[in-house]
Each structure stands twice: as C-alpha cells, then as structure tokens.
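I have placed the structure first, in the form of structure tokens, so that the comments after it can refer back to it.
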Amino acid sequence: MSRRRRYALVGLGAIAYASLTFVWFSLPAWLDAIVADFGLTSTQAGVLTGAIPLTYVPVSLFSGVVTDYVGPYRAIGAGVTLFGGAQIGRAAAETFPALLALTVVVGVGGTAITFGLPKLVSELFPPERSGTPSSMYVVGSLAGTAAAFSIGRAVLGGPLGGWRPLFRYTGVAVLAYALLWWVIVRQAPLDAIGHTAGARGTDDRPTLSMAALTQDLGRVFSNRPMRLLVVVGGVYLLVTHGLQNWLATVLQSRGVGAALAASLVSGFVVAQAVGTLVVPAASDRLGQRGSVLAGCAGLCSLGTATLLFAPVPLAIPVGGALAVGFGVGGLSPLVRMVPAEIDGVGPELTGTAVGLVFAVGEVGGFLGPFLIGALYDLTGTYAAGLAVVCLGCLSAVIAGRRLPV
C-alpha cells in the first residue's frame with residue numbers, strides 16, 4: 001500500500017477520534033441544561049461527567065486485548081458504531097439511570113478508538129516513523145473536544161433547538177461515518193499493509209481464546225519497561241484531567257478574571273495541540289523516546305510549579321500553564337507509540353499494552369481533579385494539590401529516563 005493511502009487511513013482514524021471526543025464532551029458542554037432538565041444533584045452531575053474515564057478502568061485491558069486479535073479496522077468500526085448509537089439513545093433518555101448507562105456505552109465504544117488507533121499506526125508504519133501519524137489522530141481528538149464546546153454548544157445548539165436535537169443529529173452523523181469507515185476498509189488491501197513481511201494480516205490472526213488472552217496479558221504485565229510506561233501514562237492522565245478541569249479556577253484564585261481565565265484554558269488546549277504536532281516528530285529524529293518523555297514530564301512539573309505561588313506577575317502562571325499544555329501534548333501520542341518499540345511487546349501486542357496504560361492510568365485521571373479539589377477543602381489553597389501533581393511529574397521523569405527506547 002502506498003504511503004499516501006497509509007496516511008489517508010490514519011486521517012480517517014483521526015476523524016473517528018474527533019467524532020468520539022465530540023460525543024464525549026458534548027455532555028459537559030451542555031451540562032447546565034442537562035442538570036436543569038433532569039433535576040440532577042451536583043453528585044449526580046459529577047458521576048455523569050466522570051462516567052467515561054471511570055469506564056476505561058475496568059474495560060481497557062479487555063478492549064485492548066480484543067483489539068490485538070480482531071485488528072484495528074474492526075475495532076475502530078465497532079467503536080464508532082457503538083458510541084454513535086449511544087449518542088442517539090442519550091438524546092431520547094428520560095431518566096438519569098438511562099442517561100448514565102448510555103454514557104457508559106459511549107465510554108466502551110471509546111476504548112476501541114483509543115486502542116485501535118495506536119494499533120493501526122503500528123501496523124501501517126515502522127516504529128521510527130510513527131511520530132507524525134500518531135500526532136495526526138491525537139490532534140483529531142483535540143479538535144473534537146474543542147468543537148463540542150465552540151461549535152456544538154455555541155453554534156449548532158440554538159438553531160437545532162437544544163441538546164437533545166444536537167445529540168440526535170450528531171449521533172446519526174457518527175453512524176453515517178461508521179458506515180463509510182466499513183465501506184472504505186472493506187475495499188482496502190488490508191492483508192498487504194504491514195510495514196514488515198511478518199506483519200499479521202486480517203486473515204491470519206490467532207484464534208481468540210481465554211488462554212491466549214491470559215498469556216498476552218501476562219507477557220505485558222511482566223515487562224519491566226511497560227511498567228515504567230504505565231507510570232508515565234498515569235502521570236499524563238493525572239496532569240491532563242487535573243489541570244484541564246481546575247486551571248480556570250486556579251487562575252481565578254490568582255486574581256485573573258473569569259473571561260480571561262476561560263481564554264487561557266483555550267490557550268492550554270492549543271499548546272497541547274502544538275506539543276502533539278512537534279514532540280513526536282522531534283522524537284523520531286532524535287531516536288530517544290524515553291528522554292523525550294522525561295523532558296515532557298519535566299516541563300509539566302516546572303509549569304505546574306509556577307501555579308503554586310502567589311502573588312506573582314500574571315505572565316509567570318500563564319507561561320507555566322502553556323508549558324504544561326505543550327508537555328502533556330507531547331506525552332499524549334508518545335505513551336501510545338512507545339509500546340510498539342518495547343522488546344517483548346511490539347506491534348503484535350500494542351492494543352493490550354496501551355490498554356494496560358489506560359486501565360491503570362485512568363486511576364490517575366480520576367485522582368488528578370479529585371485531589372486538587374479535596375486538598376483545597378482541607379487546606380484552603382490549591383497549592384497542596386498542585387504540589388502533588390508536581391511530584392507525580394517528577395516520578396514520570398525518572399520512569400522516562402529509565403525506559404530503554
């Protein structure tokens with residue numbers, strides 16, 4: 001398969017990821033309206049918005065292993081179909097339990113995208129050239145997140161008549177894209193895309209069995225470099241969820257106006273996109289993934305440290321927040337790319353390995369925002385929670401330096 005067609009398939013995968021994050025964050029974008037319609041308590045609203053990350057914890061390993069066996073094309077197609085249908089269901093939900101259950105289904109479908117795309121890149125490209133295609137799909141995820149707020153809520157919501165019509169029409173659009181995905185991949189010569197002669201095609205994958213699943217999980221769990229990568233992945237999610245959820249509030253506590261703080265959060269997302277585009281390509285040229293991971297984690301630690309102290313000139317925490325965004329943007333594709341380069345894992349077990357990273361890492365994704373809020377209640381300052389984030393980043397620096405890639 002030509003290089004252009006390989007990149008085209010990754011581009012289609014990036015659209016699938018953008019579709020997922022649009023559906024995912026369409027609920028937070030409309031949370032105030034949904035809370036009013038359902039009469040939700042703050043606790044119920046918190047459970048609803050945290051349902052998808054928490055779904056990743058029990059589902060990730062199973063989803064990653066299955067992706068290795070069914071292949072990325074079937075996994076991505078099934079995932080898009082699943083969360084597209086769930087989005088339509090959410091538009092018709094009349095009770096909180098129904099809305100919550102369908103949101104969990106969105107999360108289950110999302111795991112197939114999260115692990116299917118690294119698997120796709122590992123089958124299409126050799127490890128030393130996986131940086132740019134990995135950046136493509138991560139940027140797609142950021143675009144979908146931004147669009148959920150800037151387009152879904154601000155532009156389409158009014159003309160369509162509120163959150164229910166928006167959910168319904170976007171769900172239909174996602175299912176239409178799922179159909180397009182199935183048609184395109186059925187036409188592609190998928191048995192000839194491997195970047196090495198030994199790459200598995202779609203017709204020679206091993207039989208899926210409990211014994212095989214257990215064996216693959218054991219291989220990944222026992223791999224020391226994978227355990228180091230799990231530390232980095234947990235810190236990446238700790239920073240992403242912790243800072244992205246609390247940054248505006250922290251800045252406001254430093255005297256920044258609400259409108260400016262919201263704009264700075266948008267800048268944080270833009271910095272993530274820049275890091276996602278720049279860092280993996282740079283790591284391809286340097287050939288030192290572990291050192292680059294450590295550098296990104298160190299940048300996150302330094303940037304978070306600038307938010308600890310007050311009063312300071314506004315430029316310092318703003319610059320620090322942008323540095324964190326750039327660093328975490330670089331970590332995002334790298335934690336998905338590195339498993340394919342680890343001895344004993346490789347492209348064959350990429351889905352299982354990335355599943356492990358997220359199964360454990362999403363615990364950090366939950367703890368990030370939780371600890372910042374809980375420690376504020378205990379101490380009356382955000383510095384305590386931010387200090388925990390700083391220390392977590394330093395542990396990722398050590399783990400990254402020890403990675404043999």
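The values are calculated or read from the model by the stated rules, or taken from the named source; none is laboratory data. This structure is a prediction, so every number in the text was calculated from the model and none was measured. Methodologically, a virtual Cβ is constructed for each residue, glycine included, from the backbone with ideal geometry; neighbour enumeration extends over all protein chains shown.
Worth a mention:
- Count of residues meeting criterion [closer than 20 Å to residue 161 by Cα and among the aliphatic types (A, V, I, L, M)] in segment 1-43: 8
- Scanning segment 210-220 for residues that are surrounded by fewer than 23 Cβ atoms within 10 Å (Cβ to Cβ) and either aliphatic (A, V, I, L, M) or in contact with a helix residue (DSSP H, G or I) (Cβ under 7 Å, 6 or more places away or on another chain) (or both) yields a total of 7.
- Condition met for residue 154 (aliphatic (A, V, I, L, M), under 19 Å from residue 24 (Cα atoms) and touching a Phe, Trp or Tyr at 6+ places or on another chain (Cβ under 7 Å)): no
- Residues being in contact (Cβ under 8 Å) with a residue 12 or more places away in the chain and either not hydrophobic (A, V, I, L, M, F, W, C) or not in a helix (DSSP H, G or I) (or both) - total across segment 135-150: 6
- Condition check for residue 228: farther than 25 Å from residue 28 by Cα, in a helix (DSSP H, G or I), of a type outside the set (Ser, Thr, Tyr) and at pLDDT below 80: no
- Listing of helices (runs of 4 or more DSSP H) fully contained in segment 20-134 that carry 3 or more residues being closer than 28 Å to residue 276 by Cα: 42-70, 72-92, 96-124
- Considering segment 24-61, and only residues there that are more than 17 Å from the chain's Cα centre (by Cα) and aromatic (Phe, Trp, Tyr), the residue that is modelled with the lowest pLDDT turns out to be 30.
- You will find that of 328, 335, 354, the residue that is touching a residue at least 60 places away in the same chain (Cβ under 8 Å), of a type outside the set (Ser, Thr, Tyr), touching a Pro at 6+ places or on another chain (Cβ under 6 Å) and assigned by TED's automatic domain parsing to the domain that holds residue 225 is 354 and no other.
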